[in-house]
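Participant: Please read through the structure below; I'll follow up with questions.
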Amino acid sequence: MFGFSKESRLKRELLLFLDQQEEYVTSEIIALSLQKGTSQTVRKVLNELSLTISSLYKQE
């Protein structure tokens, strides 16, 4: 089957969820809201996203 991987879909959902937030949210709240894995999974994926974004957008 063609399409995005499970991890890519989770990254997209995380970014969309975080874009809607106006206050700090914990990884536990994110995991419960999205019903996608555990808080540890959420933290792992968020760290990967952070590294990717940091490598694409220089701090200038």
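The values are calculated or read from the model by the stated rules, or taken from the named source; none is laboratory data. Given the structure is predicted, the values throughout are model-derived calculations rather than measurements. When we count neighbours, we look across all protein chains shown, and the Cβ atoms used for this are built from the backbone with ideal geometry, even at glycine. Ligands, DNA and RNA are excluded from the accessible area calculation, which covers all protein heavy atoms including side chains. Shrake-Rupley method; radii C 1.70, N 1.55, O 1.52, S 1.80 Å.
Participant: Before I look further, what does the chain give for accessible area per residue, probe 1.4 Å, in whole square angstrom?
Facilitator: Ligands and nucleic acids excluded, the result is 89 Å² per residue.
Participant: Quick one: 3J(HN,Hα) in Hz for region 6-18, Karplus 6.51/-1.76/1.60 with θ = phi - 60°, rounded, Gly and Pro as x.
Facilitator: Computed from phi, the couplings for region 6-18 are 4, 5, 5, 5, 5, 4, 4, 4, 4, 4, 5, 4, 5 Hz.
Participant: Another question about this same structure. Using unit Cβ charges (K, R positive; D, E negative) and no other charged atoms, how large, in debye to the nearest 20, is the dipole of the chain about its Cα centre?
Facilitator: Once rounded to the nearest 20, the dipole reads 340 debye.
Participant: Assuming 0.36 nm per residue, please report the length gained on full extension of the stretch THR41 to GLU7 beyond their Cα-Cα distance.
Facilitator: 11.2 nm
Participant: Please report the carbon-and-sulfur percent of the accessible area for the chain; probe 1.4 Å, protein heavy atoms only, DNA, RNA and ligands left out.
Facilitator: 55
Participant: Shape call for the chain from the C-alpha gyration tensor, a ≥ b ≥ c root eigenvalues: rounded (a/c under 1.5), prolate (a/b greater than b/c) or oblate?
Facilitator: Since a/c reaches 1.5 but b/c is at least a/b, the shape of the chain is classed as oblate.
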